[in-house]
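The values are calculated or read from the model by the stated rules, or taken from the named source; none is laboratory data. Here the structure is a predicted model, which means the values were calculated and not measured. When we count neighbours, we look across all protein chains shown, and the Cβ atoms used for this are built from the backbone with ideal geometry, even at glycine. We work out accessible area using only protein heavy atoms, side chains counted, and drop any ligands, DNA or RNA first. Shrake-Rupley method; radii C 1.70, N 1.55, O 1.52, S 1.80 Å.
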Amino acid sequence: MTHPTGSTDRPHPHRVHLDNGGRAPWHPLARTAFLQALDDGWADPRRLHTEGRRAAALLDGAREAVADVLGARTEEVRFTPSHTAALHAAVAQVVRARRRHGSDVVVGAVERAAVLHAADHALPPGGRRVTVPVDEHGRVDADAYATALGSGGVALAALQHANGEVGTTQPVETVHEAARAAGVPLLVDAGASLGHATVDPAWDVLAADPADWGAPAGVGVVAVRQRTRTVATGPEDPEPWAPGGVSVPAAFAAAVALQAVHEDRAQADARRRALVDEIRARVAAIPDVEVVGDPSGRLPHVVTFSFLYVDGEALVTELDRAGFAVGSGSACTAGTLEPSHVLAAMGVLTHGNVRVALDRSTTAADVERFLEVLPGAVATVRDMLGVRGL
């Protein structure tokens, strides 16, 4: 049988999915909750009849559950059509609300592309996107960030809680203190963190990605502190964060999954952190490799490394052929010819890149098999490129 890629290779009999950042397998309780909500929450929650009120109750309960994990008020939490939609709307609505206070947006150099693009799109005439550099681990310079905030004319600051590509956590609390002192709201992108790490309440606006913690795709989370003003930027709609509404089953499943992963986070953290430590140590022994990201101040489940003399797309394909699905920060997975802006900002090797993001279901045996296969896959790709003896 010929596959869409043109390959005649049969699927590997035992596949291991190690690309769980941004889109993880559904948590079992998310699946149960989704099916329940299909029966009980299929109606429009804006309607006043019994079915509509039942759907509204599920949606309100979901908001309350997410707010509890975030340390927020229920009325501060909204669901959006996606994580990207949450980021776009958050940037646009805060910048518009603060157009009399400033026209600049301050961002870290390794923010998600959705934030960078939203900032550029939201800038009023004369506004600038001020980019704060990061160190070799991908951590933003907190002093430089504070200086940018104190320069005046800033409408919004944005800083991710942790980088989903390399795992490094950011000095969010320190930057939030500087932002408060400057009177500037801070948008924290917790899309790679919530459900995996403690997200402290050091934020004015927060966006999160349910698909990253094992909930359905097609729903996002945004939370806005009551003290933070926003102004809708689209056509008038009863719900400016999600015009037309969101999927009640998806939102309900997202909340149930978040509660579940929050309860067992400490145990999952320790187990996956130990596996990542093993990966970092073993990969470092492969010739001409750079393991990137902070070795300790990081997410518990993400590890990234780059190989010299290796084409990233070829390596991802070779590992896929061996039964391992991995991610990559290189151009091959971004649909562009540009290298990862995150790796470039860090000043590290941008090609031959592999990102591993472990799921809660990933086993030590899965990781061991991957580590046994990886050196041979790298050697095969280098041989294909005519690079021998490395």
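Summary of values
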{"item": "Residue check for A192: open to solvent by less than 60 Å² (accessible area, probe 1.4 Å), at pLDDT 95 or above and not in a loop (DSSP other than H, G, I, E, B)", "result": "no"}
{"item": "Pairs where the first residue, in the range 268-279, is closer than 18 Å to S193 by Cα and the second is at pLDDT below 95 and open to solvent by 30 Å² or more (accessible area, probe 1.4 Å), C-beta under 6 Å, 6+ apart", "result": "A268/R360"}
{"item": "Members of the range 21-58 that are closer than 14 Å to L258 by Cβ and assigned to a loop (DSSP other than H, G, I, E, B)", "result": "A24, W26, H27"}
{"item": "Test for V77: is it within 22 Å of V140 (Cβ to Cβ) and touching a residue at least 12 places away in the same chain (Cβ under 8 Å)", "result": "no"}
{"item": "Leading residue by the ranking (most open to solvent (accessible area, probe 1.4 Å)) among those in the range 355-380 that are outside any helix (DSSP H, G or I) and charged (D, E, K, R)", "result": "R360"}
{"item": "Residue in the range 324-339 that is modelled with pLDDT of 95 or more, open to solvent by less than 50 Å² (accessible area, probe 1.4 Å) and in a loop (DSSP other than H, G, I, E, B) present", "result": "yes"}
{"item": "The lone exception for G297 - which of (1) open to solvent by less than 50 Å² (accessible area, probe 1.4 Å); (2) under 28 Å from V66 (Cβ atoms); (3) modelled with pLDDT under 95 it fails", "result": "(3)"}
{"item": "Condition met for A207 (more than 19 Å from L70 (Cα to Cα), touching a residue at least 24 places away in the same chain (Cβ under 8 Å) and not in a loop (DSSP other than H, G, I, E, B))", "result": "no"}
{"item": "Matching residues in the range 174-189 - criterion: being open to solvent by less than 30 Å² (accessible area, probe 1.4 Å) and assigned to a helix (DSSP H, G or I)", "result": "V175, H176, A178, A179"}
{"item": "Selection count, the range 85-111, where residues are touching a residue at least 60 places away in the same chain (Cβ under 8 Å) and either small (G, A, S) or in contact with a Gly (Cβ under 7 Å, 6 or more places away or on another chain) (or both)", "result": "10"}
{"item": "Enumeration of residues in the range 138-173 that are β-branched (V, I, T) and either free of Cβ contacts under 8 Å to residues at least 40 places away in the same chain or assigned to a loop (DSSP other than H, G, I, E, B) (or both)", "result": "V140, T147, V166, V172"}
{"item": "Answer from E318, E313 - the residue that is touching a Cys at 6+ places or on another chain (Cβ under 6 Å) and open to solvent by 20 Å² or more (accessible area, probe 1.4 Å)", "result": "E313"}
{"item": "Leading residue by the ranking (nearest to H83 (Cα to Cα)) among those in the range 214-227 that are of a type outside the set (A, V, I, L, M) and surrounded by fewer than 24 Cβ atoms within 10 Å (Cβ to Cβ)", "result": "G218"}
{"item": "Output for the range 76-95, where each listed residue is within 15 Å of D204 (Cβ to Cβ) and either charged (D, E, K, R) or open to solvent by less than 10 Å² (accessible area, probe 1.4 Å) (or both)", "result": "E76, V77, R78, A86, L87, A90, V91, Q93, V94, V95"}
{"item": "Residues being in contact (Cβ under 8 Å) with a residue 24 or more places away in the chain and among the charged types (D, E, K, R) - total across the range 178-191", "result": "1"}
{"item": "Index of the failed condition, D204 passing every other in (1) under 16 Å from the mean Cα position of the chain (by Cα); (2) open to solvent by less than 10 Å² (accessible area, probe 1.4 Å)", "result": "(1)"}
{"item": "Of all residues in the range 54-105 being small (G, A, S) and touching a Pro at 6+ places or on another chain (Cβ under 7 Å), the one that is nearest to L123 (Cα to Cα)", "result": "S103"}
{"item": "Residues of the range 285-294 satisfying the condition of being in contact (Cβ under 8 Å) with a residue 12 or more places away in the chain, out of contact with any Ser or Thr (no Cβ under 8 Å at 6 or more places or on another chain) and either under 22 Å from A365 (Cα atoms) or part of a helix (DSSP H, G or I) (or both)", "result": "I286"}
{"item": "Some residue of the range 228-250 being surrounded by 23 or more Cβ atoms within 10 Å (Cβ to Cβ), among the small types (G, A, S) and either within 17 Å of the chain's Cα centre (by Cα) or not in a helix (DSSP H, G or I) (or both)", "result": "no"}
